[in-house]
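Scroll down for the structure; my scribbles are underneath it.
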Amino acid sequence: MKATCWMGRKRIEVRDVPDPAIINPHDAIVRVTSTAICGSDVHLYDGFIPTMQRGDVLGHEFMGEVVDVGPEVSNLRVGDRVVVPFPIACGRCNMCSRQLFSLCENSNPNAWMAEQMWGYSPCGIFGYSHMLGGYPGGQAEYARVPFADVGPLRVPEELTDDQVLFLSDIFPTGYMAAEQCNIQPGDVVAVWGCGPVGQFAIASAYMLGAERVIAIDRFEYRMRIARERAGAETINYERTNVYEAIREMTGGRGADACIDAVGMEAHAANAWHLYDKAKTMMMMETERAVVVREAIMCCRNGGTVSIAGVYGGFMDKFPIGAVVNRSLTIRSGQTHVHRYMRPLLNRIQNGDIDPSFIITHRIPLDAAAEGYAMFTNKEDECLKIVMQAA
Amino acid sequence: MQAQRIGLGIAVASLAGVAVATLARPRHSERVSKTFTVNRPPEQVAQLWLDLDLLPKVENVRFDPAPGGRGTEVRVRFRPRLMGKLRKTSVQEQLREFKQLAETGEIAAGGAL
């Protein structure tokens, strides 16, 4: 089959690889009908995530048709149309029992690597390094889905792929980022990053009762979508001092909650960016932390900072003094997607939201390399690329 | 000549340091303990331990109820070896596989590095 393969930093190739097969009794094989390039795939593309190998199949946002199931999968049948959550979760361990699916204790066969880095291991993830399991991803014609009795969600025929594909990751990720803010009536929420997760965080913050959402970015086309489609007010951080602007917009209080929807490759229009860039180049830190620092400083006393952007290692100049002395709450985590898929599917069916509003480009799988470059470089007003294998 | 003596002194001191560090490390013949929690009741875990027989050379194994009814704490003690299935890392991975089998009935299969 054809698959999108990581061949090194900034090198993507669509190659012929062996078809996946059932290995374990809870496996299923899915013929991928739609798959997307995620913002976190850019961290792989840019070489920020360790333990990638040449030839690794990428992709953790995908959906399709079930074409084979293992003997222990009784909830799915061949022909079912499913969306696959990006965390691989067994559904039976202590973490899964607590609905903390992205912390599944049984799905990462290379857990020892993650334990060296983080103390304990999270779940395995499709197409996201060997430290997180080395599972081939879904930017391919077919994908093997472990624990298919737990993860994949059957979706109704009347909804298009475009409407439900993002249940695999970014819609639940934006939603969980907003849910972690414990939004109360009258709250003002600030969201850093108007990429796909940021757009869903804005929309979700409104769904959860936020009075106002302020979004921060520098790309006008992304801020326009945030204003017109998600309903945010926007700040261009290249033209405006974000701290002063949020202070002004909140009557001097600061934002009740701040969401980091950017992560480890953050950019800023000030000296902090040069500082982080220099330190990451010298391997003296692994993250560019400008957004999380700014989010902490812009949050009101006693507020919440919710981190949805991906971080992988160690950052410098983390303002712990502001967190402690101002009673801030920091919440984070890889998304427990399984927990959110059905409720968010209901919201799509009810017409509360049509997630397809973020799609700007559709390309064939064969053009994955061009797609990665376009998405990473934000060419042609690219916000979200959906790829079709057929 | 003086430089040679100094060089010899540094070399002897380095060797002595390495020797002390080596002796100070835990010996492989010392017993070590590994523990993990399985999300199933103790009697089921104990029975499965016997049935699967993954680590027959482990000297001692205990099955205690985890606090709050959250499964079973399994503690094994063994004398690690430099080679074979009783290497520390090998035991750790076999215990992880036992937990996977006990909780899910299968061993996770992704991609090796």
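The values are calculated or read from the model by the stated rules, or taken from the named source; none is laboratory data. Every value quoted in this text rests on a predicted model; they were computed, and no experiment measured them. Note that we place each Cβ from the backbone using ideal geometry, even for glycine, and neighbour counts take in every protein chain shown. The protein model used for the area step is the full one, side chains on, heavy atoms only, and it has no ligands, DNA or RNA in it. Shrake-Rupley method; radii C 1.70, N 1.55, O 1.52, S 1.80 Å.
Let me know the shape class of the range A:265-345, please: from the alpha-carbon gyration tensor, a ≥ b ≥ c as square roots of the eigenvalues, rounded when a/c is under 1.5, otherwise prolate if a/b is greater than b/c, or oblate. In terms of gyration-tensor shape, oblate. With angles folded into 0 to 90 degrees, how steeply does helix A:271-281 sit against the dominant principal axis of chain A? Use alpha carbons for both and round to 10. That works out to roughly 40 degrees.
Computed with every protein chain present, the accessible area of B:Asp53 is close to 90 Å² [probe 1.4 Å].
Going toward the positive end of the dipole of the protein assembly as shown, with +1 on Lys and Arg Cβ and -1 on Asp and Glu Cβ, which of A:Met223, A:Val323, A:Gly59 do you reach last? The one lying farthest along the dipole's positive direction is A:Val323.
Close amide H contacts of A:Asp68 (hydrogens built in the peptide plane, cut-off under 5 Å, sequence separation of 5 or more or a different chain): A:Ile29. The mean sequence distance of close C-alpha pairs (under 8 Å, at least 6 residues apart), as a share of the length of chain A, puts its relative contact order at 17 percent. Where the accessible area of the protein assembly as shown is counted over protein heavy atoms with a 1.4 Å probe, how much of it, in %, is carbon and sulfur? Here it works out to 52 percent.
Shielding by partners for peptide A:86-94, expressed as the average number of C-beta atoms from other protein chains within 10 Å of each residue's C-beta, is 4.
Counting only Cβ charges, +1 for Lys and Arg and -1 for Asp and Glu, the dipole size of the range A:265-390 around its Cα centre is about 640 debye. If r is the Cβ-Cβ distance from A:Val324 to A:His267 and R0 is 25 Å, what FRET efficiency results, to the nearest 0.05? The value I calculate is 0.35.
Backbone phi angles across the range A:336-351, fed through the Karplus curve with coefficients 6.51, -1.76 and 1.60 (θ = phi - 60°), yield HN-Hα couplings of 7, 4, 3, 5, 9, 4, 5, x, 6, 4, 4, 5, 5, 5, 6, x Hz in residue order; Gly and Pro are listed as x.
Using DSSP to define loop residues, name the trypsin sites (Lys or Arg not before Pro) in the range A:1-92 whose beta-carbon has at most 11 other beta-carbon atoms within 10 Å.
Values: sites: A:Lys2, A:Arg9, A:Lys10, A:Arg11, A:Arg15, A:Arg31, A:Arg54, A:Arg77, A:Arg81, A:Arg92; in loops: A:Arg9, A:Lys10, A:Arg11, A:Arg54, A:Arg77, A:Arg92.
The qualifying sites are A:Arg9, A:Arg54, A:Arg77.
If you find the alpha carbon centre of the range A:50-79 and of the range A:195-232, how far apart are they in angstrom? Distance between centres, Cα-based: 31 Å. Among the chymotrypsin sites (Phe, Trp or Tyr not before Pro) found in the range A:63-137, those both in a DSSP coil and sparsely packed, with 11 or fewer other Cβ atoms within 10 Å of their Cβ, are A:Tyr120.
From the Cα gyration tensor of the range A:111-204, with a ≥ b ≥ c the square roots of its eigenvalues, which class applies: rounded if a/c is under 1.5, or else prolate if a/b is larger than b/c, or else oblate? Because a/c hits 1.5 or more and a/b fails to exceed b/c, the range A:111-204 counts as oblate.
When the chymotrypsin sites (Phe, Trp or Tyr not before Pro) in the range A:285-390 are filtered for DSSP coil states and for at most 13 other beta-carbon atoms within 10 Å of their beta-carbon, the remaining sites are A:Phe314.
Within a 10 angstrom radius of each residue's Cβ in A:107-116, how many Cβ atoms of other chains show up on average? Whole number is fine. Intermediate values should be presented prior to the final figure.
Details: counts 4, 3, 10, 5, 5, 4, 1, 0, 1, 0.
Taking all residues of A:107-116 together, the mean is 3.
Think of each Lys and Arg Cβ as +1 and each Asp and Glu Cβ as -1; about the Cα centre, that makes the dipole of the protein assembly as shown roughly 2160 debye. Inter-chain Cβ neighbour count for A:23-29, averaged per residue, equals 3 (cutoff 10 Å, partner chain atoms only).
May I ask for the distance between the Cα centers of the range A:298-371 and the range A:233-287, given as a whole number of Å? Their Cα centres are 16 Å away from one another.
Amide H contacts for A:Val191 (H built 1.01 Å from N in the peptide plane; partners 5 or more residues away or on another chain; cut-off under 5 Å): A:Ile214, A:Ala215, A:Ile216, A:Ile259. Helix-only arithmetic for chain A: the sum of -39500 (n - 2.57) across DSSP H runs with n ≥ 4, divided by the residue total, places the mean residue ellipticity at 222 nm at -8000 deg cm²/dmol. Karplus-based coupling profile of the range A:372-380, in residue order and whole Hz: 4, 5, 5, 5, 5, 8, 6, 7, 6, with θ = phi - 60° in 6.51 cos²θ - 1.76 cosθ + 1.60 and x standing for Gly or Pro.
Which shape class, rounded, prolate or oblate, goes with chain A when its Cα gyration tensor gives a ≥ b ≥ c as root eigenvalues, a/c under 1.5 marks rounded, and past that a/b bigger than b/c marks prolate? Note, shape of chain A comes out prolate. Rounded to the nearest 0.05, what FRET efficiency is calculated for A:Tyr243 and A:Tyr221 with R0 set to 30 Å and r the Cβ-Cβ distance? So the FRET efficiency works out to roughly 0.75.
Accessible surface for B:Lys85 stands near 140 Å², nearest 10, in the context of the full protein assembly shown (1.4 Å probe). On the basis of the beta-carbon distance and an R0 of 56 Å, A:Lys317 and B:Leu50 show a calculated FRET efficiency of 0.55. The string of couplings for the range A:7-21 from the Karplus curve (6.51, -1.76, 1.60, θ = phi - 60°) is 10, x, 4, 6, 10, 10, 9, 8, 10, 7, 10, x, 5, x, 9 Hz, one whole number per residue in order, with x for Gly and Pro.
Exposed loop sites here are GluC sites (Glu not before Pro) assigned a DSSP state other than H, G, I, E or B and surrounded by at most 13 other beta carbons within 10 Å; excluding them, the longest clear run of chain A is A:1-156. Backbone amide hydrogens, once placed in the peptide plane, bring A:Phe219 within less than 5 Å of nothing, excluding anything fewer than 5 places away on its chain.
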